[in-house]
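The values are calculated or read from the model by the stated rules, or taken from the named source; none is laboratory data. Please read these numbers as outputs of a predicted model, since none were measured by experiment. Using ideal geometry, Cβ is built from the backbone for each residue, glycine included, and neighbour counts are taken over all protein chains shown. These area figures cover heavy atoms from the full protein model, side chains too; ligands, DNA and RNA do not enter into them. Shrake-Rupley method; radii C 1.70, N 1.55, O 1.52, S 1.80 Å.
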Amino acid sequence: MRLATIQYNGAEIAGIVTPKGVLPLAALNEAKGSSWKTDMLSLIQAGELPKLTDWYNNKGKAELEALPGLVSAEQVVYAPLYRNPRRIFGIGLNYVDHAGDIGSAAPTGFPGSFFKMADTLIGPGDTIHLPALKEAQRTTAEAELGIILGRDCRDVAEEDWENAIAGYTTILDMTEESILKGNDFVSGNPRYLCIVKNFPTFFSFGPQLVTPDEVPDVLKLEVQSVRNGQIHAKNVVANMTHRPARLVSLHSSIQGWYAGDVLSTGTPRAFPIEDGDMAECRIYGPDGFEMAPLVNPVVDLKKHPQA
């Protein structure tokens, strides 16, 4: 099943994605007499997503397009999946190619990691703002596979990791590399991660949440970093230094997880973005599988201070 949050009648509401559009969960409740939570974060935090997925796979999928209230694909305007995750947790340098971009070795014992603030968050089609700060001279975007945690948990075994998640999404994570690397642009200084990762608009996610049952082998997913329609880099999840099972399990034994936490798993390679660019994350899999792409325009606040 695929879900999304859309802008509709002045609100941001959750719904199920169909080939013809999105059926809001409020419309599903009205038609079926059900009582599903109608915003995405509440749906996840209430633990309702597995039951909704079971309903969808057993009989619901066939019913959806006949129910009233469908928002047609032409009318759909995506929002972020939700606005206020309790935590956004990023993994750095998780592919060897990306580590080489900033002159570092890929971390092997423990993954490189950092937190991002919820107020960095934007959604599909929203504008990425390059900072007005004069020291900010090189911003990069990173296409990543996102994992959304489905329940509060600690000490999750690696073999049980998928039972702890709500699903997957596409992510663009931005970094102000000129501050991270300093003047020589050779190596990154981790003490600056909190600064370079937390400018406004530096985290985009959505447009869709894909439940785990639709992804039979996450290791076969290919993540593509795309600039202005051209693929800058791509790699498969199997080539991560720290794969999703380890990331979910390991961090569950450190800080633990809350339902709705977002785990951004690392990028095949970052790409520089400039005023007027379009940054994009694409994710594909075997047998024609693909996620809806995440695309964001770029505006440089040095050139357009009123943007």
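Given the structure, is residue 259 modelled with pLDDT under 95, closer than 24 Å to residue 117 by Cα and small (Gly, Ala, Ser)? No. Filtered by the rule that a residue be part of a helix (DSSP H, G or I) and either under 24 Å from the mean Cα position of the chain (by Cα) or exposed (fewer than 11 other Cβ atoms within 10 Å of the Cβ) (or both), the range 58-77 gives 58, 59, 62, 66.
Counting the residues of the range 78-90 that are open to solvent by 20 Å² or more (accessible area, probe 1.4 Å) and either closer than 27 Å to residue 113 by Cα or modelled with pLDDT under 95 (or both) gives 4. Determine whether residue 134 is at pLDDT below 95, open to solvent by 40 Å² or more (accessible area, probe 1.4 Å) and over 24 Å from residue 46 (Cβ atoms). Yes: the conditions hold for residue 134.
Looking only at the range 214-242, filter to residues that are outside any helix (DSSP H, G or I) and acidic (Asp, Glu); which one of those is nearest to the chain's Cα centre (by Cα)?
222
Go over the candidates 96, 71 one by one and state the one that is at pLDDT below 95 and β-branched (Val, Ile, Thr).
Going through 96, 71 in turn, the sole match is 96.
Taken as a whole, the condition of being touching a strand residue (DSSP E or B) at 6+ places or on another chain (Cβ under 9 Å) and either open to solvent by 10 Å² or more (accessible area, probe 1.4 Å) or part of a loop (DSSP other than H, G, I, E, B) (or both) does not apply to residue 245. The residue that is most open to solvent (accessible area, probe 1.4 Å), counting only those in the range 278-307 that are in contact with an Asp or Glu (Cβ under 6 Å, 6 or more places away or on another chain) and outside any strand (DSSP E or B), is 303. Checked against (1) surrounded by 17 or more Cβ atoms within 10 Å (Cβ to Cβ); (2) touching a strand residue (DSSP E or B) at 6+ places or on another chain (Cβ under 6 Å), residue 272 passes all but condition (1).
Please go through the range 14-41 and pick out each residue that is open to solvent by 40 Å² or more (accessible area, probe 1.4 Å) and either touching a strand residue (DSSP E or B) at 6+ places or on another chain (Cβ under 8 Å) or within 26 Å of residue 126 (Cα to Cα) (or both). Listed by number, the residues that qualify are 19, 20, 26, 37, 38, 39.
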